[in-house]
Amino acid sequence: MAITFRMEPEIFTFYDGEGNTIERKTEVRFDPLTGESSRLVFDPGLHITPADYQKAAEQTEGAKCPFCPENIMKMTPVFSKEMTETGRIVKGEATLFPNLFPYSKHNGVVVMSRQHYVRLEEFTRQLIKDAFMAAQTYIQRAAAFDPTATYASINWNYLPTSGGSIIHPHLHVIISETGTNYQALTGSKADSFEKETGKEFFTALYDAEKTIGERWIGEKGNVAWMHAFAPKSHHDYVALFKGCHTFDSITEADWDHFAAGLQAIFSAMREQGFSSFNFILSADPKGKSPIHARLIPRLTIGALHTSDINFFQALHQEPLTYKVPEDVASFARSRFHEQV
């Protein structure tokens, strides 16, 4: 059994006021690992206007922001000395400390920069690399401190549209004894795939997507980028850390290559009007699968600033996309080759 890229078209036929036939196509795609479906809605006339948070940034920076340089060491909590002698983890401009309202047994927040509002084009490789290396250090120390917490992820809500409550760019590092639904389902299905095929799923996905080329974006070093076949939003970028099955195995060079690829993805998103996103980088607690990341844009739609999540995503748990994955990948691929 090989990886299957399954799609099912659905045609809706109706008529205009003069009796002329109108046909509209919807495409249901099935995730090659989990079997979960997502729906491609063709040509809805989606126009995306990137949000500009400059005014909001001016109103919330400095004395009003706990993450700004003048406040961060006074207004943020510290870890126990068993976790880190200095109470926080610092790498370049990145500073990591405990989340006051944790999502899990261990939850670190990484403030990525001294600058309060960082636009997509302003994220340097060094800023990205240092922030993720600080997160990696926290995961390694938490593992030594508490070996029962085996599920680890690095997460990013960028700007308020994504659910970020503070404009100042920051990551969440989640380490728990229990995996999220995404981690549990992905791990279970990857185990089943390996039992049925004798192959590790993400390695097989890498081989298949690189060979097919339709959703392939590019790679640098050990980090490969592609677009999801059955996306969770209008874009759904997937990064694979080839050969890196644990956070311990990711090198500084790997983070640098990841940062370079992420900058290219940011460039492609920005040119298409996206300015906000959700991101996850997750590791298999058994260390059997390569570490992988996913990034989806977040947006509001139209003059009413309508949320991009409706009953389909929120209650049916079925993603919708108005963008054809192969078209998105083609655009991102050109930017990747230009910049990386």
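The values are calculated or read from the model by the stated rules, or taken from the named source; none is laboratory data. Here the structure is a predicted model, which means the values were calculated and not measured. No Cβ is skipped: glycine too gets one built from the backbone with ideal geometry, and neighbour counts run over all protein chains shown. For accessibility, only protein heavy atoms count, side chains too; no ligands or nucleic acids. Shrake-Rupley method; radii C 1.70, N 1.55, O 1.52, S 1.80 Å.
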>> Quick check on my filter: what residues within segment 276-290 are farther than 25 Å from Pro50 by Cα, touching a residue at least 60 places away in the same chain (Cβ under 8 Å) and not hydroxyl-bearing (Ser, Thr, Tyr)?
In response: Ala283, Asp284, Pro285, Lys286, Lys288, Pro290
>> Can you pull out every residue in segment 265-280 that is in a helix (DSSP H, G or I) and within 14 Å of Ala293 (Cβ to Cβ)?
In response: Ile265, Phe266
>> Suppose we filter Arg215, Arg270 for residues that are closer than 17 Å to Arg335 by Cβ, in contact with a strand residue (DSSP E or B) (Cβ under 8 Å, 6 or more places away or on another chain) and among the basic types (Lys, Arg); which single one remains?
In response: Arg215
> closer than 18 Å to Leu262 by Cα, in contact (Cβ under 8 Å) with a residue 12 or more places away in the chain, open to solvent by 20 Å² or more (accessible area, probe 1.4 Å) and within 15 Å of the chain's Cα centre (by Cα) - does that describe any residue in segment 142-157?
Replying inline: yes
> Within the bounds of segment 213-236, is there any residue that is open to solvent by less than 30 Å² (accessible area, probe 1.4 Å), part of a strand (DSSP E or B), of a type in the set (Ser, Thr, Tyr) and within 25 Å of Arg29 (Cβ to Cβ)?
Replying inline: no
> more than 20 Å from Ser38 (Cβ to Cβ), touching a Cys at 6+ places or on another chain (Cβ under 7 Å) and modelled with pLDDT of 95 or more: does that describe Ile175?
Replying inline: no
> Considering only residues of segment 269-282 that are under 15 Å from the mean Cα position of the chain (by Cα) and not polar (S, T, N, Q), which is surrounded by the fewest Cβ atoms within 10 Å (Cβ to Cβ)?
Replying inline: Ile280
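This table checks each residue for (1) touching a strand residue (DSSP E or B) at 6+ places or on another chain (Cβ under 9 Å); (2) farther than 20 Å from Phe312 by Cα.
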{"site": "Glu27", "(1), (2)": "yes, no"}
{"site": "Glu36", "(1), (2)": "yes, no"}
{"site": "Pro50", "(1), (2)": "yes, yes"}
{"site": "Thr60", "(1), (2)": "no, yes"}
{"site": "Glu70", "(1), (2)": "no, yes"}
{"site": "Met73", "(1), (2)": "yes, yes"}
{"site": "Pro77", "(1), (2)": "yes, yes"}
{"site": "Ser80", "(1), (2)": "no, yes"}
> Is one or more of the residues making up segment 283-300 in contact with a helix residue (DSSP H, G or I) (Cβ under 7 Å, 6 or more places away or on another chain), farther than 27 Å from Ile175 by Cβ, of a type outside the set (A, V, I, L, M) and open to solvent by 50 Å² or more (accessible area, probe 1.4 Å)?
Replying inline: yes
>> What are the pairs with Cβ atoms under 8 angstrom where one residue, in segment 94-106, is hydrophobic (A, V, I, L, M, F, W, C) and the other, located anywhere, is loosely packed, with under 14 Cβ neighbours inside 10 Å? Sequence gap at least six, or different chains.
In response: Phe97/Pro77; Phe97/Val78; Leu100/Pro77
